[in-house]
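Taking it in order: structure first as structure tokens, then the write-up.
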Amino acid sequence: MHAIDLITADIPPLRPQDDVSRALDWMEEFKVSHLPVVENRRLVGLVKDQDLVDRNEARAMVSGVMDSVEIPFARGGEHIYAVMKLFSERGLTVVPVLDDMGMYLGAITEHEALKRLAQVTNIHEPGSIVVLEMNQHDYSLHEIARLVESNDCKVLSVYTRTLPDSTRIEVTLKINREDISDVLRSFERYEYFVKTTYQGSKLHDDLRGRYDELMRFINL
């Protein structure tokens, strides 16, 4: 899934000559804290709510408030993971998207990106989660997947995280079956350290509940 697939049609770009009050009204309407500024299909700036509030005076225009240096954006062909990294690193609620020629294509909201990320990671699929811990040099996705598949299961998604101040990593697996007792026995037989497991419908209900809570929070 790429940036161009995440564009939200509902988010209009601002123009440099638009009033600050219009920008604030749109932010409130669309529940975002940032908006792109576009002129002749070129991304020329990005505004954030706090800067607009500070300059919300008569006849104040967006051009006098927008950040026009190092404007964050994603290319249409960038993967959703790169888009999520941009949201996280820059603290954005909206990411502008440009084509390879630098022309403005649209914008991605944090809300839409999170929804699509849930699809990519199969968060709504029933199944179980296993968290393994191991030394970095012992990690082999091929071997882990082989053990899972030898028990007639499939790995739906994988996430790895390096533990702080350590040469060890956590490997989080989403597996497509609720009863994974045979998979766990295989891991133990091959001396994998199973750190945590979440099995069955309880896992699915918990994940769905947490995701719904997150969506409700974003919509506030």
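The values are calculated or read from the model by the stated rules, or taken from the named source; none is laboratory data. Small disclaimer: the values here were computed from a predicted structure and weren't measured. As a convention, Cβ positions derive from the backbone with ideal geometry for all residues, glycine included, and neighbour counts pool all protein chains shown.
Only one of Gln50, Gln17 is in the same structural domain as Ser88 (by TED's automatic domain parsing) and in contact with a strand residue (DSSP E or B) (Cβ under 6 Å, 6 or more places away or on another chain). Can you tell me which? Write out each step before concluding.
Details: Gln50 fails: in contact with a strand residue (DSSP E or B) (Cβ under 6 Å, 6 or more places away or on another chain).
Among Gln50, Gln17, only Gln17 is in the same structural domain as Ser88 (by TED's automatic domain parsing) and in contact with a strand residue (DSSP E or B) (Cβ under 6 Å, 6 or more places away or on another chain).
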Just checking, does the stretch 59-72 include any residue being free of Cβ contacts under 8 Å to residues at least 12 places away in the same chain and farther than 18 Å from Trp26 by Cα? yes
Look through the stretch 140-179, keep the residues that are assigned to a loop (DSSP other than H, G, I, E, B) and touching a Leu at 6+ places or on another chain (Cβ under 9 Å), and return whichever of them is surrounded by the most Cβ atoms within 10 Å (Cβ to Cβ). Asn176
Taking the condition surrounded by fewer than 12 Cβ atoms within 10 Å (Cβ to Cβ) and of a type in the set (D, E, K, R), does Asp18 pass? no
Quick one: in the stretch 117-132, of everything that is surrounded by fewer than 17 Cβ atoms within 10 Å (Cβ to Cβ) and touching an Asp or Glu at 6+ places or on another chain (Cβ under 9 Å), which residue is farthest from Phe193 (Cα to Cα)? Pro126
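Could you look through the stretch 180-205, keep only residues that are assigned to a strand (DSSP E or B) and modelled with pLDDT of 85 or more, and pick out the one that is surrounded by the most Cβ atoms within 10 Å (Cβ to Cβ)? Give the steps one after another, and end with the answer.
Narrowing the stretch 180-205 to residues assigned to a strand (DSSP E or B): 193-198.
If we keep only those that are modelled with pLDDT of 85 or more as well, we get 193-197.
Values: Phe193: 13, Val194: 13, Lys195: 13, Thr196: 11, Thr197: 18.
Filtering the stretch 180-205 for residues that are assigned to a strand (DSSP E or B) and modelled with pLDDT of 85 or more, the one surrounded by the most Cβ atoms within 10 Å (Cβ to Cβ) comes out as Thr197.
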From the option list Thr160, Thr109, single residue qualifying as touching a strand residue (DSSP E or B) at 6+ places or on another chain (Cβ under 6 Å), in the same structural domain as Leu24 (by TED's automatic domain parsing) and polar (S, T, N, Q) is Thr109
If Met1 passes every condition in (1) touching a residue at least 24 places away in the same chain (Cβ under 8 Å); (2) crowded, with 18+ Cβ neighbours inside 10 Å but one, which one does it miss? (2)
In the stretch 66-125, anything under 9 Å from the mean Cα position of the chain (by Cα) and either assigned to a loop (DSSP other than H, G, I, E, B) or among the basic types (Lys, Arg) (or both) is listed as Lys85, Lys115, Arg116
Positions within the stretch 53-100 being under 12 Å from Ala113 (Cα atoms) and of a type in the set (S, T, N, Q), in sequence order: Ser88, Thr93
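State whether the residues of the stretch 28-47 include one that is assigned to a helix (DSSP H, G or I), without any contact (Cβ under 8 Å) to a residue 40 or more places away in the chain and under 17 Å from Glu112 (Cβ atoms).
Initial filter on the stretch 28-47 (assigned to a helix (DSSP H, G or I)): 28-30.
Going one step further and asking which of them are without any contact (Cβ under 8 Å) to a residue 40 or more places away in the chain, we end up with 28-29.
Right, trim to under 17 Å from Glu112 (Cβ atoms) and you get 29.
For the stretch 28-47, residues assigned to a helix (DSSP H, G or I), without any contact (Cβ under 8 Å) to a residue 40 or more places away in the chain and under 17 Å from Glu112 (Cβ atoms): present.
Within the stretch 48-65, can you find the residues that are of a type in the set (S, T, N, Q) and outside any loop (DSSP other than H, G, I, E, B)? Spell out the reasoning first.
Going residue by residue through the stretch 48-65, those that are of a type in the set (S, T, N, Q) are 50, 56, 63.
Within the stretch 48-65, Gln50, Ser63 meet the criteria.
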